[in-house]
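Enquirer: Below you will find the structure I want to go over with you.
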Amino acid sequence: MDLFPLANSLRVAAASTVVVFLLGIALANVVSRAPRVVRGLADVVLTLPLVLPPTVVGFLLLMLLGPRRPLGAWALSALGVRLTMVWYAAVFATVVVSFPLMYRTARGAFESFDQTLADAARTLGRSNAWVFWRVKMPCCRQGIVAGAVLAFARALGEYGATSMVCGYMPGSTATVSTTVYQLWRTGDNAGALAWVIVNLAISCVVLVALNVVQGRTAGGRGAASFSPARGAAEAGAAEAAVAGGGAR
């Protein structure tokens, strides 16, 4: 069995998850603090790929990244880089289709965050960046991890948009999903079934890992009420109290 489709699928899913993780967290943090109207409009735009058929997403990407289209033509003439029918074109497709999963879960986690913890940390003179990474992110880690895992699983199983922007070329752009279709189309049901089993096994491992992480997070909160974020809040309150007593 040629393992290139598996290696390529993992490469594409990992690369897209990194992009989606950073972009999803950034936009979710901004949108969660935006006014209600802006938040509603942003949700419509950023979540739209979740409800669009993958083939529609693939078609729109071709209209943008194709060699005769605005961005694709510029990249080809200025940089000599093709944006379609290459392995990394699948990264563009999987980023678009998996982004809403990361964004929605991260936004939900940020909206449920207790803002008083951040306010307490700021009383110590901490910067917004410090508060975000050392207070907010640890408190929201369960939703963040869940979003990242779901985005990875979605990218790993993507077929529709991927097949349109990078096609199927053995040893070049083939992924597990496109390989299953091609093997089935050519009558190789045994080969297709083998790849289906591989995909099922990876998906089960990913979901089990997600449940384990969520279980440990919930267990950690139940076993001990102290957390880094709460510790910062309590330290801030204690220091403020001491400072107030000294002033009196």
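The values are calculated or read from the model by the stated rules, or taken from the named source; none is laboratory data. Note that the coordinates shown come from a computational prediction; the quantities given were computed from them, not determined experimentally. Quick reminder, even Gly has a Cβ in these numbers, built from the backbone with ideal geometry, and neighbours come from all protein chains shown.
Enquirer: For Thr186, indicate whether it is under 20 Å from Ser16 (Cα atoms) and either loosely packed, with under 15 Cβ neighbours inside 10 Å or of a type outside the set (D, E, K, R) (or both).
Expert: No.
Enquirer: If you don't mind, another one. On the basis of being outside any loop (DSSP other than H, G, I, E, B), at pLDDT 90 or above and surrounded by fewer than 18 Cβ atoms within 10 Å (Cβ to Cβ), does Ala106 make the cut?
Expert: Values: outside any loop (DSSP other than H, G, I, E, B): yes; at pLDDT 90 or above: yes; surrounded by fewer than 18 Cβ atoms within 10 Å (Cβ to Cβ): no.
Criteria not met by Ala106.
Enquirer: Could you tell me whether Arg39 is modelled with pLDDT under 90 and in contact with a Phe, Trp or Tyr (Cβ under 9 Å, 6 or more places away or on another chain)?
Expert: Spelling it out, it is not the case that Arg39 is modelled with pLDDT under 90 and in contact with a Phe, Trp or Tyr (Cβ under 9 Å, 6 or more places away or on another chain).
Enquirer: While we're looking at this one, here's another question. I need the full set of residues from the stretch 155-180 which are touching a residue at least 60 places away in the same chain (Cβ under 8 Å) and over 14 Å from Met85 (Cβ atoms), in order please.
Expert: If the condition is that a residue be touching a residue at least 60 places away in the same chain (Cβ under 8 Å) and over 14 Å from Met85 (Cβ atoms), then Ala155, Leu156, Glu158, Tyr159, Gly160, Val176, Ser177, Thr179 are the ones that fit.
Enquirer: If you go through the stretch 153-175, how many residues are more than 17 Å from Tyr88 (Cβ to Cβ) and part of a helix (DSSP H, G or I)?
Expert: 3
Enquirer: So, in the stretch 1-12, of the ones that are touching a residue at least 40 places away in the same chain (Cβ under 8 Å) and part of a helix (DSSP H, G or I), which residue ends up farthest from the chain's Cα centre (by Cα)? Don't jump to the end; show me each part of the working.
Expert: Residues of the stretch 1-12 touching a residue at least 40 places away in the same chain (Cβ under 8 Å): 1-2, 4-6, 8-12.
Remaining after also requiring part of a helix (DSSP H, G or I): 4-6, 8-12.
Numbers: Phe4: 24, Pro5: 22, Leu6: 20, Asn8: 18, Ser9: 16, Leu10: 14, Arg11: 15, Val12: 13 Å.
So the residue we want is Phe4.
Enquirer: Pairs please, first residue from the stretch 128-149 and without any contact (Cβ under 8 Å) to a residue 60 or more places away in the chain and closer than 21 Å to Ala15 by Cα, second anywhere and part of a helix (DSSP H, G or I) and polar (S, T, N, Q), Cβ atoms under 8 Å, 6+ apart in sequence or on different chains.
Expert: Gly143/Thr105
Enquirer: Of the conditions (1) surrounded by 13 or more Cβ atoms within 10 Å (Cβ to Cβ); (2) at pLDDT below 90; (3) not in a helix (DSSP H, G or I), Glu239 clears all except one; give me its number.
Expert: (3) is the only condition that Glu239 fails.
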